[in-house]
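Chemist: This is the structure, below, for whatever I ask next.
The values are calculated or read from the model by the stated rules, or taken from the named source; none is laboratory data. Keep in mind the model is a prediction, meaning the values are calculated, not measured. Cβ placement follows ideal geometry from the backbone for every residue including glycine, while neighbour counts extend to all protein chains displayed. SASA here: full protein model, heavy atoms, side chains in, ligands and nucleic acids out. Shrake-Rupley method; radii C 1.70, N 1.55, O 1.52, S 1.80 Å.
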Amino acid sequence: MSIREALPEDAAALAAVHVRSWRAAYRGLVPAPYLDALDVDERAGVWRSRLTTPDRPSVLVATGDDGRIAAFSCFRPWPDGEFAPGSTAELAALYALPEVWGAGVGRALMSATTEALVAAGFRTAALWVFAGNARGRRFYEAAGWRPDGTAVREETGGRVLEELRYRRDLLS
């Protein structure tokens, strides 16, 4: 496995990982019709746009020996003024194909992402995770992330779900 920065031509592969991982991870949490309606082509357009904008987020991909993308992460500066400018990043996404769950791909990608966050000058990072996503929460907690007490309720696919904010000091 290797980890590298994503390229615009990776958009379709990112979209496939994104959709497959959502369908597997959130089945039973997010309404099935919403998950079933996720469109890889539409997501590919979103990722292509993100990867070609001047203020693009940082996106890392983990590839297998065959060069195919098995997982990706995406981070950017925290989007509002809650934290000191430039100090905190948002880990906006970390998704892996279901068939590599538990194989160390996510841990390796999280480690590389943490290194990239520090190299970009961030001191802390935060992310949002569905409160009902026990697997995701265990993964983040094993990597040193902790809930910071902030929660929001957002509608996803017609269901209101609670999201918890997790934070991590990157320099400890």
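Chemist: Tell me yes or no: at least one residue of region 110-129 is assigned to a strand (DSSP E or B), buried (at least 16 other Cβ atoms within 10 Å of the Cβ) and touching a Pro at 6+ places or on another chain (Cβ under 7 Å).
Modeler: No, the conditions are met nowhere in region 110-129.
Chemist: Can I ask one more? Is it the case, given these coordinates, that ALA13 is under 22 Å from VAL129 (Cβ atoms), in contact (Cβ under 8 Å) with a residue 24 or more places away in the chain, open to solvent by 20 Å² or more (accessible area, probe 1.4 Å) and of a type in the set (Gly, Ala, Ser)? Give the derivation first.
Modeler: Values: under 22 Å from VAL129 (Cβ atoms): no; in contact (Cβ under 8 Å) with a residue 24 or more places away in the chain: yes; open to solvent by 20 Å² or more (accessible area, probe 1.4 Å): yes; of a type in the set (Gly, Ala, Ser): yes.
In short, no.
Chemist: Give the residue that is nearest to PRO31 (Cα to Cα), with candidates limited to residues of region 132-163 that are touching an Asp or Glu at 6+ places or on another chain (Cβ under 7 Å) and buried (at least 16 other Cβ atoms within 10 Å of the Cβ).
Modeler: Ranking the qualifying residues of region 132-163, first place goes to LEU161.
Chemist: Which of the residues that make up region 33-46 are free of Cβ contacts under 8 Å to residues at least 60 places away in the same chain, open to solvent by 40 Å² or more (accessible area, probe 1.4 Å) and closer than 19 Å to PHE130 by Cβ?
Modeler: Hits for region 33-46 are ASP36, ALA37, ARG43.
Chemist: Could you tell me which numbered condition PHE75 fails, if it satisfies all but one of (1) aromatic (Phe, Trp, Tyr); (2) out of contact with any Asp or Glu (no Cβ under 8 Å at 6 or more places or on another chain); (3) in a strand (DSSP E or B)?
Modeler: (2)
Chemist: For the subset of region 52-82 comprising residues that are among the acidic types (Asp, Glu) and in contact with a strand residue (DSSP E or B) (Cβ under 9 Å, 6 or more places away or on another chain), which member is least open to solvent (accessible area, probe 1.4 Å)?
Modeler: Looking only at region 52-82, we keep the residues that are among the acidic types (Asp, Glu), and these are 55, 65-66, 80, 82.
Keeping just the survivors that are in contact with a strand residue (DSSP E or B) (Cβ under 9 Å, 6 or more places away or on another chain) gives 55, 65, 82.
Working: ASP55: 129, ASP65: 153, GLU82: 101 Å².
Taking the candidates together, the pick is GLU82.
Chemist: Report, ordered by the first and then the second residue, all pairs with beta carbons closer than 7 Å, sequence separation of six or more or different chains, a first member in region 65-86 that is farther than 17 Å from ASP148 by Cα, and a second member that is in a loop (DSSP other than H, G, I, E, B) and not small (Gly, Ala, Ser).
Modeler: ALA70/LEU97; ALA71/LEU97; CYS74/PRO57; PHE75/PRO57; ARG76/PRO57
Chemist: Taking LEU91 as the residue in question, decide whether it is in contact with a helix residue (DSSP H, G or I) (Cβ under 6 Å, 6 or more places away or on another chain) and not in a loop (DSSP other than H, G, I, E, B).
Modeler: Numbers: in contact with a helix residue (DSSP H, G or I) (Cβ under 6 Å, 6 or more places away or on another chain): no; not in a loop (DSSP other than H, G, I, E, B): yes.
Considered against the rule, which asks whether it is in contact with a helix residue (DSSP H, G or I) (Cβ under 6 Å, 6 or more places away or on another chain) and not in a loop (DSSP other than H, G, I, E, B), LEU91 comes out as no.
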